[in-house]
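Comments concern the structure below.
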Amino acid sequence: MTYIDIEQACPFCGQFMVIRVDEGTPEHERQEIAKKKCGCPQATRARGIQEAMDKLEQVCGQTSLDNGFDSAVDDEVMEICKKHVEWVYDLMIGEAQIRTRQGDKIMIRCSAKDDVKIKRECRKQLQL
Ligand SMILES: [Zn+2]
């Protein structure tokens, strides 16, 4: 691998920065690196939302099985949760609570530190 320093524009704001990449790194990956590095509001938002989406995946997605849940949340409900994560991140809403058909309660809220918190509670019930 040969590393080179290149000037790369942030795809959001167009600001140039110097990044070190392997010579063969394709353009879209160079842009991803610039997005991660840039301090403009759009790049910061994209990072914040990505971080929140990763949490959502841990708590509700397939990864939740590794975290002790019996099942992942349905795809349709996941889509709704993603929308709410964005709204909470953008402070359009302060908090969202979604109750699934299976009785899970999913809470999405903004913490005092301005990051998105996601909680899922499963109600185990037995009816004979
Ligand atoms: Zn930028």
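Here, each number is a calculation from the coordinates, and none is a lab measurement. Keep in mind the model is a prediction, meaning the values are calculated, not measured. Methodologically, a virtual Cβ is constructed for each residue, glycine included, from the backbone with ideal geometry; neighbour enumeration extends over all protein chains shown.
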Starting from segment 9-25, keep only residues that are free of Cβ contacts under 8 Å to residues at least 40 places away in the same chain, then list their pairs with residues that are of a type in the set (S, T, N, Q) and loosely packed, with under 14 Cβ neighbours inside 10 Å whose Cβ atoms are within a distance under 6 Å, requiring at least 6 positions of separation or different chains. Phe12/Gln42; Glu23/Thr2
Filtering segment 1-24 down to residues that are in a loop (DSSP other than H, G, I, E, B) and more than 16 Å from the ligand (Cβ to nearest atom) yields Met1, Thr2, Glu23, Gly24
Does Ser71 qualify as being under 23 Å from Asp115 (Cα atoms) and hydroxyl-bearing (Ser, Thr, Tyr)? no
Note: among Ile80, Ile19, Ile49, Ile4, just one is surrounded by 15 or more Cβ atoms within 10 Å (Cβ to Cβ), farther than 24 Å from Asp114 by Cβ and not aromatic (Phe, Trp, Tyr), namely Ile19
